[in-house]
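The values are calculated or read from the model by the stated rules, or taken from the named source; none is laboratory data. Only a predicted model underlies this, so the values are computations on that prediction, with no experimental measurement involved. All Cβ positions, glycine included, derive from the backbone under ideal geometry; neighbour counts span all protein chains shown.
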Amino acid sequence: MTTRFSIFIPVWNDARWLPGAIESVLAQTHPDWELIIGDNASTDDIEAIVGRYGDERIRYHRWSTHVDYAGNANRTIGLCRFEWLQYLSADDRLLPTCLERMAGQVEAAEAAGRCLSMVLTGCRRVDEQGRPAEQRYFGTWRINRLRGGILEPAEWLASVALPGAPPWNIGSLAISAEIYRLMAGFYREEIGLTVDLEMATRAAAYGPVGYVDEPLLEFTVRGDSMTTSFAARTFDRAAVLPPVAAALLSALAVHEHRRSVGQRERRLVKAQVADQLIGRALMHRYLAGGRGRVGAASDLFRATYHDPRWLLNGRQLARAGAALIAPASLLARVKQRFMARATYF
């Protein structure tokens, strides 16, 4: 049997963007897919847009109540019927060979007697005009490299915990339906902004990951996206942990339950949790809504609790000192300078 994909698009309005996502699925060289549109009680006429396409593989469902984006993803994935489940946003665009290349990874693993937990490809970020937008999206974070092929759970967890940004995106990630059932859920809504990172890290606890080291998804960086609005609420609920740190610790707990986690993996995760907290300590000083030096000191204390080794790292000590001592105006100027150089801060 060939590899079959259930691609699901949870959508709320976004009538401008949805046709492009649908058409990118229709353009796939791999024909064994279904596309499910989960309409989150939109005011846009999403049904009319879907109705333009006369392909029987496309199904539309309108929910009568509006929920948050993670909740809509969770209920829409329940409508999927095939063996591989792939989330796609309305402003994502699959390149024509995306499913074909992912299917090749799945089938090569099966021929070798391996069952993948998920398969995914690289991604490139573009602006609304299709121009490269990696720096606009990631700011001062560098983009990490990840080798193609089959990655064991330990290697995947370590790659996610490294400082920097992943080269992939959730839109070109397909999770095994069997693994999805074992995971007892897709998105953990309490995680917030980084539910995709948490899910992709947690899923790897159940088996190896197939990765295609080629950007076969275009992710649109938009000024009006939900991500932008969530990022602006960094301090809204005074969360104990920054989003990435919360995602990593949540997924680490699942890995520890499912398998023996090595000390190196655990150290990498803890170091990244501390790094995120030190980064937020700086943000308390120069972002609107931050709690100034009090908030910075609180996050530095939490960083020490999770990984006291940061106190032996000169770079981290410099960042912590800046968070406590430097004028906020100076921190904002330094941030802008690092943004221009596109390096990790």
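Criterion first (crowded, with 16+ Cβ neighbours inside 10 Å, in contact with a Ser or Thr (Cβ under 7 Å, 6 or more places away or on another chain) and on the phi < 0 side of the Ramachandran plot) does GLU107 satisfy it? Before you say what the answer is, go through the steps one by one.
Values: crowded, with 16+ Cβ neighbours inside 10 Å: no; in contact with a Ser or Thr (Cβ under 7 Å, 6 or more places away or on another chain): yes; on the phi < 0 side of the Ramachandran plot: yes.
Considered against the rule, which asks whether it is crowded, with 16+ Cβ neighbours inside 10 Å, in contact with a Ser or Thr (Cβ under 7 Å, 6 or more places away or on another chain) and on the phi < 0 side of the Ramachandran plot, GLU107 comes out as no.
For the range 270-293, check the following and say yes or no: at least one residue is within 22 Å of TRP156 (Cα to Cα) and β-branched (Val, Ile, Thr). Looking through the range 270-293, at least one residue is within 22 Å of TRP156 (Cα to Cα) and β-branched (Val, Ile, Thr).
Check every one of the helices (runs of 4 or more DSSP H) wholly within the range 102-202 and list those with 3 or more residues that are within 24 Å of GLU256 (Cβ to Cβ). Walk me through how you get there before you give the answer.
On the way: elements: 134-138, 153-161, 177-183.
Passing ranges, in order: 153-161, 177-183.
For beta carbons closer than 9 Å, sequence separation of 6+ or different chains, a first residue in the range 281-308 that is in the same structural domain as ALA320 (by TED's automatic domain parsing) and surrounded by 14 or more Cβ atoms within 10 Å (Cβ to Cβ) and a second that is among the aromatic types (Phe, Trp, Tyr) and in a helix (DSSP H, G or I), the qualifying pairs are LEU300/TRP310; ALA303/TRP310; THR304/TRP310.
Is at least one residue of the range 158-168 in contact with a helix residue (DSSP H, G or I) (Cβ under 7 Å, 6 or more places away or on another chain) and within 20 Å of GLY38 (Cβ to Cβ)? Checking the range 158-168: not a single residue is in contact with a helix residue (DSSP H, G or I) (Cβ under 7 Å, 6 or more places away or on another chain) and within 20 Å of GLY38 (Cβ to Cβ). Counting only residues that are of a type in the set (D, E, K, R) and in contact with an Asp or Glu (Cβ under 6 Å, 6 or more places away or on another chain), which one in the range 247-285 is modelled with the highest pLDDT? Result: LYS270.
If only residues of the range 1-50 that are of a type in the set (S, T, N, Q) and assigned to a loop (DSSP other than H, G, I, E, B) are counted, the one that is modelled with the lowest pLDDT is THR2. Pairing each residue of the range 114-130 that is at positive phi with any residue that is surrounded by 14 or more Cβ atoms within 10 Å (Cβ to Cβ), provided the two are 6+ apart or on different chains, yields C-beta distances under 8 Å for GLY130/GLU218. Residues in the range 121-140 that are over 26 Å from GLN105 (Cβ atoms) and surrounded by 14 or more Cβ atoms within 10 Å (Cβ to Cβ): ASP127, GLU128, ALA133, GLN135, ARG136, GLY139, THR140. Scanning the range 245-278 for residues that are surrounded by fewer than 21 Cβ atoms within 10 Å (Cβ to Cβ), among the small types (Gly, Ala, Ser) and not in a loop (DSSP other than H, G, I, E, B), we see that the one that is nearest to the chain's Cα centre (by Cα) is SER250.
Within the range 164-178, the residues that satisfy the criterion of being aliphatic (A, V, I, L, M) and crowded, with 20+ Cβ neighbours inside 10 Å are ILE170, LEU173, ALA174, ILE175. When LEU151, LEU197 are checked against the criterion of being hydrophobic (A, V, I, L, M, F, W, C) and either modelled with pLDDT under 95 or under 21 Å from ALA246 (Cβ atoms) (or both), LEU197 stands alone in meeting it. Being of a type outside the set (Asp, Glu) and without any contact (Cβ under 8 Å) to a residue 24 or more places away in the chain is a property that SER64 has. Close Cβ contacts (under 7 Å, 6 or more residues apart or on different chains) running from residues in the range 316-332 that are at pLDDT below 80 to residues that are in a helix (DSSP H, G or I) comprise LEU331/LEU282; LEU331/ARG285; LEU331/TYR286; LEU331/ALA322; ALA332/TYR286. When GLY192 is tested against the conditions (1) surrounded by fewer than 23 Cβ atoms within 10 Å (Cβ to Cβ); (2) more than 16 Å from the chain's Cα centre (by Cα); (3) small (Gly, Ala, Ser), the lone failure is (2). Residue count for the range 162-181 satisfying the condition of being at pLDDT below 95 and among the aliphatic types (A, V, I, L, M): 3.
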